[in-house]
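Peer 1: Below: one structure in structure tokens.
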Amino acid sequence: MSAQLRVFKVKDVEALAVAGANALSSVVSSAAPPVDRMLQRARAFAEPLLAGERLDSGENTLAHADAVARIVQLMGGSEAMQAASYLVYACRHLNRPREVIAKGFGDSFAALALETTKLIDVQKQALTAGFCKVADSAQTAGAVPETGDAQSAEQTEHVRRMLLAFSRDLRVVMLRLASRLQTLRHAAAIKKPVATSVARESLLVFAPLASRLGIWQIKWEIEDLAFRFLEPDTYRYVAHLLDEKRVERESRVAALRELLERGLLAAGIRAEVQGRPKNIYSIVKKMRGKAVGFERVYDILALRVVVPSVADCYGALAWAHGRFAPLHEEFDDYIARPKSNGYQSLHTVVHERNARGAPSGKPIEIQIRTEQMHQHAEHGVAAHWAYKEAGSKGYSGVWAGGEYDAKLAVLRQLLAWERDLTGARQAEGLFDDRIYVLTPDAAVVELPQGATPVDFAYSVHTSLGHRCRGARVDGVMVPLNTPLANGQTVDITAAKEGGPSRDWLNQDLAYLTSHRARAKVRAWFNALAAEETVTRGRDAVERLLQREGRTAQNLDELAARLGFKQANDLFAVVGKDELSLRSIESLLRPPPPPAEDNGVALKKPRAGTRAGVLVVGVDSLMTQLARCCRPAPPDRITGFVTRGHGVNVHRALCSEFRQMAERQPERTIEVEWSTPGAAGGSATQRPSLYAVDAIIEADDRQGLLRDISEIFTREQMNVVGVQTRSAKGLAHMTFTLELAASDALVPVLKAVSQVAGVRSARRLGSAARRC
């Protein structure tokens, strides 16, 4: 028979399947419900296609489909949903699956089978390419695999979202959950571990999805089976600590539930008590997350009491504390003090009492809430998965918040499938504002709805986006402004070098949807403009150096003398016309050669003098102007006799001079400025020039140096040196000017103080002139 089937498959597998389904339909009683006939027809359709086939796990495909149909039934799925279990696995064995399935079962089943098959293929790609290799970082010492580093958590969440977003029909999620559970059950039954990648994906993706959908039985069974394959030693250790078998623990919970219901009813409180034992994975997660031993896990046995009113909540609590021995430090009143997400309930941990009234036995956690609180906890913002996992301080490290969670809460209402799916309206898609596509290595990339291959390239890497020149979507070349869809695989063709096109910023051409990608394109063109500005400034400075005969000038040294960190900073300012080339010319042109006495003349009152400084009673004495206060006529001055360096001439108000004079008053000497024409000096000789420092403090901003330099140029001030530094947004500048008289600096500093952002402008050694 199997040989015959193989021949038929090669010839015309569709004809064989349809013939088998029609043959079964002819023998089914016309009185049978239409859905029943559909289930039997679906199995008859799939049987000749699947009977001799095996899955990657080694399980017979038809047996797997049978088991999936049973799991779907236990999950509350309709007969039509069970029928879909067979069509999904038959789909890949058909040459024209959409046409064949639609003809025999309707368009709804055809779409469901194709969508689920495509999702299975995408997940296989992700596993093969190493999705779980990314998740390996989650398996650190003492860490449950569901907790991991930021990269692992982000990739896991992307795959979770992709599974939902890709599955526009929520029936796909049900079928995939049931299929994965059966894969784990089969491996446990034959005592052969599943691949580590499959176990990790089950724990990181499928179990959380079952939790978010409220399918608790599926959730804990997937968790326990996956954890059993990932950490067999830990699993056996915790199982040993649970000295009662699971059936016995469930029996104990049932007995306690009955005890609470009877006791509360006798106390006049009508209550619905629910309970189930905690699964092994949850115990391990709590032990590791809270860093406690097994004996400190108090909710291994947990009961939930739902009562009509808030008063009944506290009445039930009083009865429980009277009947059992409470552990007061484990009591939490979330009714009086709700959690930040709105969750409300009373939590207490109690022990049963022995004959003497002392606590005995294992602890029992009891949660007490009203029906309204229960509905909020189950279906609202504080669904079980959210209040256990949400928040940066939660022990699982999973954040659950925002619009994403609101949409998942709505999913709870969508799980009441219509019984006849052939006429059911398709469930609305999730995350209509996001799509999830794959790289050639099957990494999941999250993009906004309507994103293009260019958006995809920038999401993978900025350099790839800049060099993007073409794209293949599912192996087919497409234009770069083609909108992408969930589950597609995108392969970018990139140049070795180059940049983006300006057309990409044209919204009418629809090359980019992502704001982040647009920002990267703009940044590239801004950087290109900045480079052109630097080139323009460099050309201007180099032409100036050529005119001045200073082509050997070190550009970085020149920039430093003007207060810039590097030459490119100087070029950028010059290129934007924020610094006049006259400032550079002034710096390059050497000052006139100083007189032999450094511009200071010393003479006796009657001995005659050159223009400069007159030292009373001393002749032919070497002198120099002090750099600490830079005196210039008509400042009041005084002198200090040094050892071996003659007389240092200071301003009378110089603080440094006052300190030296206090220590050695005998070294002070009287000096005064000489005047042109005095004692034989020529009244027409060129006046001496003196170096004076101007100190400026201002808020650092672009163009500040240019604005101040323009004032010095306008006032015909010869700038021979500039020093600048910036710290915490404040610029400190020192300009060295050549002046014949210091009082010429007063109006200049007044003008500088009016420049925008200038806080003070003063001469070295003087009080600040603030704007």
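The values are calculated or read from the model by the stated rules, or taken from the named source; none is laboratory data. Because the structure is a prediction, the values reported are computed rather than measured. Backbone-built Cβ (ideal geometry, glycine too); neighbour counts: all protein chains shown. When the accessible area is computed, the model is the full protein with side chains, heavy atoms only, and any ligands, DNA or RNA have been set aside. Shrake-Rupley method; radii C 1.70, N 1.55, O 1.52, S 1.80 Å.
Peer 1: How many residues are under 21 Å from P634 (Cα atoms) and at pLDDT below 85 if we restrict to the range 675-715?
Peer 2: Number satisfying all stated conditions: 15.
Peer 1: State which residue pairs qualify: first residue outside any strand (DSSP E or B) and inside the range 637-665, second residue basic (K, R) in any location, beta carbons under 7 Å apart, and separation of 6 or more residues or different chains.
Peer 2: Qualifying pairs under 7 Å: A652/R636.
Peer 1: Give the residues of the range 65-75 that are out of contact with any helix residue (DSSP H, G or I) (no Cβ under 6 Å at 6 or more places or on another chain), open to solvent by less than 40 Å² (accessible area, probe 1.4 Å) and touching a residue at least 40 places away in the same chain (Cβ under 8 Å), sorted by residue number.
Peer 2: Correct list: M75 only.
Peer 1: For V616, which of the numbered conditions (1) in contact with a Pro (Cβ under 7 Å, 6 or more places away or on another chain); (2) surrounded by fewer than 17 Cβ atoms within 10 Å (Cβ to Cβ); (3) at pLDDT 85 or above fails to hold?
Peer 2: (3) is the only condition that V616 fails.
Peer 1: Looking at D66, D12, D107, D36, which one is modelled with pLDDT under 50, acidic (D, E) and out of contact with any Gly (no Cβ under 9 Å at 6 or more places or on another chain)?
Peer 2: D12
Peer 1: Then there is this: Kindly indicate whether E738 is modelled with pLDDT of 85 or more and either among the basic types (K, R) or open to solvent by 80 Å² or more (accessible area, probe 1.4 Å) (or both).
Peer 2: Judged against the criteria, E738 is not a match.
Peer 1: Is there any pair with a first residue in the range 435-451 that is closer than 11 Å to T489 by Cβ and a second that is among the acidic types (D, E) and modelled with pLDDT under 80 whose Cβ atoms are under 9 Å apart and which are 6 or more apart or on different chains, and what are they?
Peer 2: No pair meets every condition.
Peer 1: Being surrounded by 15 or more Cβ atoms within 10 Å (Cβ to Cβ) and among the acidic types (D, E) is the filter here, so list the residues in the range 447-500 that pass it.
Peer 2: D455, D491
Peer 1: Pick out the one residue from H645, H650 that is of a type outside the set (D, E, K, R) and more than 26 Å from I695 (Cα to Cα).
Peer 2: Result of the check over H645, H650: H645.
Peer 1: Taking the residues in the range 276-291 that are open to solvent by less than 40 Å² (accessible area, probe 1.4 Å) and touching a strand residue (DSSP E or B) at 6+ places or on another chain (Cβ under 8 Å) as candidates, determine which candidate is modelled with the highest pLDDT.
Peer 2: My answer is K278.
Peer 1: What about G563, is it in contact with a strand residue (DSSP E or B) (Cβ under 7 Å, 6 or more places away or on another chain), at pLDDT below 85 and either buried (at least 16 other Cβ atoms within 10 Å of the Cβ) or farther than 16 Å from G703 by Cα (or both)?
Peer 2: The answer is yes for G563.
Peer 1: Okay, next question. Can you pull out the residues in the range 504-531 that are without any contact (Cβ under 8 Å) to a residue 24 or more places away in the chain and either on the phi > 0 side of the Ramachandran plot or surrounded by fewer than 17 Cβ atoms within 10 Å (Cβ to Cβ) (or both)? Show your work before the answer.
Peer 2: So the first thing to find is which residues in the range 504-531 are without any contact (Cβ under 8 Å) to a residue 24 or more places away in the chain, and the list is 505-508, 515, 518-519, 522-523, 526-527, 529, 531.
Selection gives L505, N506, Q507, D508, H515, A519, R522, A523, N526, A527, A529, E531.
Peer 1: Also: State which residue is farthest from the chain's Cα centre (by Cα) when the search covers only the range 544-557 and only residues that are within 11 Å of E585 (Cα to Cα) and either touching a residue at least 24 places away in the same chain (Cβ under 8 Å) or crowded, with 16+ Cβ neighbours inside 10 Å (or both). Don't jump to the end; show me each part of the working.
Peer 2: Within the range 544-557, the subset within 11 Å of E585 (Cα to Cα) is 544-545, 547-548, 550.
Right, trim to either touching a residue at least 24 places away in the same chain (Cβ under 8 Å) or crowded, with 16+ Cβ neighbours inside 10 Å (or both) and you get 544-545, 548, 550.
Values: L544: 49, L545: 49, E548: 54, R550: 51 Å.
Ranking the qualifying residues of the range 544-557, first place goes to E548.
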